[in-house]
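Encoded as structure tokens, the structure appears first; notes follow it.
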């Protein structure tokens, strides 16, 4: 094989190299689709979500100085993912336009962030409102995540969805 030096690694190293170069070839196809705009939207969406979560947890610490309340706020964000994600996936696959579902989830997230900003800006912070905002944000993220993955399959038209989905999730959540 031209350019190959035997480093004593054997066939396993060649197999890994072949798989890795095949994966990069799959990613080159993304230049000719709507994927760059999709990736940018995902990066901004994840960044905004993380800012919201960190702000809410910081607010919970400032309001109560109790670790149990901080854990409850995080739990209220995560618990809607369990019942809402299967419903969102079913809606994205069978019943609705994936773009409509994604836009709806983003609008709900923006609405929750706006309400939360209004609450903090007017010094109306209560534990109940903070918990409610996190619960609603968790619901919106369940629909956002499911519709985003369904939209990825639409953009790629079924080609290499799993390898690109793993690349997408790892690259947009690095922040």
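The values are calculated or read from the model by the stated rules, or taken from the named source; none is laboratory data. None of the values given here were measured: they were computed from a predicted structure. Methodologically, a virtual Cβ is constructed for each residue, glycine included, from the backbone with ideal geometry; neighbour enumeration extends over all protein chains shown.
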Inset, instruction - Take the residues in region 60-71 that are free of Cβ contacts under 8 Å to residues at least 60 places away in the same chain and touching a helix residue (DSSP H, G or I) at 6+ places or on another chain (Cβ under 7 Å), then tell me which one is nearest to residue 105 (Cα to Cα). - result: 70
Inset, instruction - Within region 97-118, track down each residue that is in a helix (DSSP H, G or I), more than 14 Å from residue 48 (Cα to Cα) and at pLDDT below 75. - result: 98, 99, 100, 101, 102, 103, 104
Legend entry - Unmet criterion (only one of (1) buried (at least 17 other Cβ atoms within 10 Å of the Cβ); (2) modelled with pLDDT under 75) for residue 70: (2)
Inset, instruction - Go through the residues of region 29-45 one by one and say whether even a single one is at pLDDT 75 or above, over 17 Å from residue 150 (Cα atoms) and under 19 Å from the mean Cα position of the chain (by Cα). - result: yes
Inset, instruction - Would you point out the residue of region 75-96, among those that are touching a residue at least 60 places away in the same chain (Cβ under 8 Å) and in a helix (DSSP H, G or I), that is farthest from residue 154 (Cα to Cα)? - result: 76
Inset, instruction - Scan region 92-115 and give yes if some residue there is more than 30 Å from residue 36 (Cβ to Cβ) and touching a helix residue (DSSP H, G or I) at 6+ places or on another chain (Cβ under 9 Å), otherwise no. - result: yes
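Based on this model, can you work out whether residue 145 counts as assigned to a helix (DSSP H, G or I), within 24 Å of residue 51 (Cα to Cα) and at pLDDT below 75? Steps first, answer last, please.
Details: assigned to a helix (DSSP H, G or I): yes; within 24 Å of residue 51 (Cα to Cα): yes; at pLDDT below 75: no.
So residue 145 fails the test.
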